[in-house]
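Asker: There's a structure below that I have some questions on.
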Amino acid sequence: MKKVSIIGAGLSGLTASILLAKEGFEVTIYEKSKKVGGNFTALQFEDHLFEFGPTFFTIPELLESIFLMAGKNIENYLDLEILTHHTHVYFENGDNFCLSTNAEEMIEQLKKVDSTGAENYHDFLAEIKRLYFEVNELSMNLQITNWSKLVKIPIRNLILKLRPFQSLDHFLRKYFENEQIIQLLAKYANRGEMLARSTPAFFAAFLYPILTADVFYVKGGTREVPCALKKLAIELGVKIYTEKEITKIHLKNNQVEGIQINENLSIESDYVLISSAQLLNSDTLLSDFTVVNEREKFIVTGESNLSQFVLLLGLDRYTNLKTHTVLFSSDVEREVEQILNGEFAENPTIYIYNPAFQEPERFKSGDCLVLMVSIPTNDLYSTSYRASIASYRHHLVSELKKYGFDLEESIVEEKVWTSKDLKNRFNSAKGGIHGAISKTFAAAYIRPPVKSDEIKGLYFTLVDTSHPAGSTEALKNGIHLATSIIEEARENPLI
C-alpha cells in the first residue's frame, strides 16, 4: 500500500486525503496548529464569536462531488444555503449595487446605471465562461512553470485564446460604460494589487464563479467545511495528527523517502504533499541545493506587497449590514497607487463579513463584524508602521460613517489584526495574504508547479483562499493533486 504524507490540513490537503484514501492509499495528515482548516478560524471573545478566513464558497456541486466520490451524501455532513444575492456593494456617492448569480436581476440593476452593460450582459457572461474553462485547462492540465513553455504547442495555442494582448480594463470596457461597475468587476477579478489596465484580460475568468455559479453559505459557519472534510477523511481511514511540525523531507536518489517530525521521529512515505508557502518560508525542509531549485519555480511571479488590516468589531445590536458587504473606494486607482507606494489608502475599499445577518440565532449579543482592508506589508516592526496601524482603526470607523454606517457607539468588543499578527497566525510571508502575485503582464501566465520535476513523489498545494473564488479553487486543487498521484502510482506501481 502506497503511503502519502500530507503536510497541512487545509482544504486542498483534506480533499486530496479523502480521494486518495478511497483509492486505497495509506494517508496521514500532519498539521502544525491545534485545529484543521488552514486559514479558517473562529475566535470567541467574551460575548462575540468572530469567524475569519475564507467566507465565500461557489459551485456547491464541486463540494458535493467530493462526498459523492467517497460514496457519501453531503447532506449528512453540511447544511448549505444558496445566496442568490451574495454581495452588497455601497459607493460613497450613495449608489449601491448587488452582485447576484441571477442574470436577469443583474440586467435589471444595470438598466438603471449602465444601459450598455445591460444589453451586453449575456454576451459578457458567455465570454467569461469561455475564459474560465480555458484557464482551468491551462492551470490544471498544463504546467507553465517557465518562459520557454509559453511558446510551445499546445500551450501557445491555448494562450492565444485568452486575449493575451488585451488588458482587463480594455476587456471590461467592451461590455460596460459605467465607471463604478467597471471598477467593481475589475476589483473582484483581480487577485492582486495591480490596476485593471496592467492586468491581463483573462483575469475576468475569475468573475465566472461569483456571477454565474451558485454562491452558498454554510450553516454553522464556514469552519464547518474543513470539519466535515476531516470527519469524512477519518471515516475513510485517514490519520490526522495536530500540533505536529514537519522539520525535514527525506530524499534518496531524488525521490521522496519520508518525513521527519519535531526533529526526533522519521516516517516512511512514498508521496509528500506540502504547501508552496511552507517550502518558501523554510530553510530546513529540503537540502540547500534542492530548496534553491524548487524555490526558483515559486518566485517567477514575484512577491506580494499586499497584506490586510483586519478589524473585529462586536456590536451590542444588529445592523442592516448583509453577510457580504463591500464599501467601495471612490478612487480605486489612487487606492492601489498608495498601497504600492507603501502608504495606507486614504479611501480604501472595505470588505465586511457579517454572519450574524444570516444566522442571528448564533450571535445573540449583536453583529460580529470582520472588516478587511488591503494595506502594504512594509517593515512590520518599524515605529512608523505601528503608528499607522494605531490610527487606521479610527480612520476606518470614520469611513464607515461616510457610507451611512455609524457604529462607534455600538462597539462593545474589538480586536485589531495587523500584518504581523497574520504572519504569526497563518505563517504567511510578511503577513501577505495573496501569495506570489504577477508583476508583469506576461508573468501572469506562469504558475508554480503542482508537482516537482526533480523530486519524484513531491507535490504542492498552491491555492490562495483569500480570493472570493479561492476556496473553490482549493477544492479543485485537492482533486487535481489526488488524481495526479493516483495516475502516477498506476503508471509506476513499483516506485
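The values are calculated or read from the model by the stated rules, or taken from the named source; none is laboratory data. All values reported here derive from a predicted model rather than from experimental measurement. Here Cβ is always computed from backbone atoms with ideal geometry, including for glycine, and neighbour counts include all displayed protein chains.
Asker: I'd like the full set of residues that are surrounded by fewer than 15 Cβ atoms within 10 Å (Cβ to Cβ) and either of a type in the set (A, V, I, L, M) or closer than 14 Å to A16 by Cα (or both), limited to the range 235-260.
Answerer: Hits for the range 235-260 are G237, K239.
Asker: Just to be sure I understand, how many residues within the range 246-285 are among the acidic types (D, E) and at pLDDT below 85?
Answerer: So the count comes out to 2.
Asker: Residues in the range 26-39: is at least one crowded, with 22+ Cβ neighbours inside 10 Å, more than 29 Å from D421 (Cβ to Cβ), touching a residue at least 12 places away in the same chain (Cβ under 8 Å) and touching a Lys or Arg at 6+ places or on another chain (Cβ under 8 Å)?
Answerer: Yes; the residues of the range 26-39 include at least one that is crowded, with 22+ Cβ neighbours inside 10 Å, more than 29 Å from D421 (Cβ to Cβ), touching a residue at least 12 places away in the same chain (Cβ under 8 Å) and touching a Lys or Arg at 6+ places or on another chain (Cβ under 8 Å).
Asker: Output yes when any residue across the range 20-28 is among the aromatic types (F, W, Y) and at pLDDT below 95, and no when none is.
Answerer: Checked against the condition, which is being among the aromatic types (F, W, Y) and at pLDDT below 95, the range 20-28 yields no hits at all.
Asker: Can you name the condition, by its number, that K112 falls short on among (1) modelled with pLDDT of 95 or more; (2) crowded, with 16+ Cβ neighbours inside 10 Å; (3) of a type outside the set (S, T, Y)?
Answerer: Condition not satisfied by K112: (2).
Asker: Which ones in the range 109-141 are farther than 14 Å from A204 by Cβ and basic (K, R)?
Answerer: Those that are farther than 14 Å from A204 by Cβ and basic (K, R): K111, K112.
Asker: Let me ask another. So how many residues does the range 388-428 have that are farther than 25 Å from N96 by Cα and of a type in the set (K, R)?
Answerer: 4
Asker: Out of (1) at pLDDT 95 or above; (2) over 30 Å from E245 (Cβ atoms), what's the single condition that is false for I66?
Answerer: Result: I66 fails condition (2) only.
Asker: Separate question: Quick one: what pairs do we get from the range 338-355, first residue on the phi < 0 side of the Ramachandran plot, second part of a helix (DSSP H, G or I) and among the hydroxyl-bearing types (S, T, Y), C-beta under 7 Å, 6+ apart or different chains?
Answerer: F344/S388; F344/Y392
Asker: Looking for whichever is more than 19 Å from N102 (Cα to Cα), aliphatic (A, V, I, L, M) and surrounded by fewer than 23 Cβ atoms within 10 Å (Cβ to Cβ) here; the options are L195, L184. Which one fits?
Answerer: L195 is the lone residue from the list that is more than 19 Å from N102 (Cα to Cα), aliphatic (A, V, I, L, M) and surrounded by fewer than 23 Cβ atoms within 10 Å (Cβ to Cβ).
Asker: Give the residue that is farthest from I82 (Cα to Cα), with candidates limited to residues of the range 93-114 that are in a helix (DSSP H, G or I) and in contact (Cβ under 8 Å) with a residue 60 or more places away in the chain.
Answerer: V113
Asker: Being modelled with pLDDT of 90 or more and either farther than 15 Å from R197 by Cα or not assigned by TED's automatic domain parsing to the domain that holds E127 (or both) is the filter here; which residues of the range 158-175 pass it?
Answerer: Passing the criteria: only Y175.
Asker: Something else: Within the range 289-322, restricting attention to residues that are hydroxyl-bearing (S, T, Y) and at pLDDT below 95, which residue is farthest from K401 (Cα to Cα)?
Answerer: It comes out as T290.
Asker: Could you say whether any residue in the range 178-185 is outside any helix (DSSP H, G or I), under 30 Å from L14 (Cβ atoms) and in contact (Cβ under 8 Å) with a residue 40 or more places away in the chain?
Answerer: Looking through the range 178-185, none of the residues is outside any helix (DSSP H, G or I), under 30 Å from L14 (Cβ atoms) and in contact (Cβ under 8 Å) with a residue 40 or more places away in the chain.
Asker: Tell me, which strands (runs of 3 or more DSSP E) lie completely within the range 14-83 with 3 or more residues that are closer than 30 Å to D270 by Cα and assigned by TED's automatic domain parsing to the domain that holds G470?
Answerer: 26-31
Asker: In the range 219-234, which residue that is surrounded by 21 or more Cβ atoms within 10 Å (Cβ to Cβ) and under 26 Å from K364 (Cβ atoms) is farthest from the chain's Cα centre (by Cα)?
Answerer: Residue satisfying both the conditions and the ranking: A228.
Asker: Still on this structure, I have one more. For the range 238-251, which residues satisfy the criterion of being of a type outside the set (S, T, N, Q) and more than 13 Å from V272 (Cβ to Cβ)?
Answerer: V238, K239, I240, Y241, E243, K244, E245
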